[in-house]
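These notes concern the structure reproduced below.
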């Protein structure tokens, strides 16, 4: 495991813990959804571009990846 993977892995663990803590202690639902979507975005793009190596992929796959996340976010925001 190289240094970048290790740093991202530690960051993913920290973000997972912060997701749990924010869901336990944030009272306002609107702020909770925004915080959790932000944390999810960082984790989603970190895994996608580092471990799935999208940073080396064709532009089509990068754009598709971003659009999938935006669609997911719109769905979540539409349901809340």
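Could you go through the range 15-37 and let me know if any residue there is surrounded by 14 or more Cβ atoms within 10 Å (Cβ to Cβ) and modelled with pLDDT of 95 or more. Yes; the residues of the range 15-37 include at least one that is surrounded by 14 or more Cβ atoms within 10 Å (Cβ to Cβ) and modelled with pLDDT of 95 or more.
Only one of the numbered conditions (1) in contact (Cβ under 8 Å) with a residue 24 or more places away in the chain; (2) surrounded by fewer than 14 Cβ atoms within 10 Å (Cβ to Cβ); (3) in contact with a helix residue (DSSP H, G or I) (Cβ under 9 Å, 6 or more places away or on another chain) is not met by residue 46, and that is (2). With respect to the stated conditions, residue 38 fails to be touching a helix residue (DSSP H, G or I) at 6+ places or on another chain (Cβ under 6 Å) and part of a helix (DSSP H, G or I).
Select from the range 12-27 the residues that are assigned to a helix (DSSP H, G or I) and touching a helix residue (DSSP H, G or I) at 6+ places or on another chain (Cβ under 7 Å) and list them in ascending order. Show your work before the answer.
Step one: of the range 12-27, the residues assigned to a helix (DSSP H, G or I) are 12-25.
If the condition is that a residue be assigned to a helix (DSSP H, G or I) and touching a helix residue (DSSP H, G or I) at 6+ places or on another chain (Cβ under 7 Å), then 12, 15, 18, 19, 22, 23 are the ones that fit.
The values are calculated or read from the model by the stated rules, or taken from the named source; none is laboratory data. Since this is a predicted model, take the numbers as computed values, not measurements. So basically every Cβ, Gly included, is an ideal-geometry build from the backbone, and we count neighbours across all protein chains shown.
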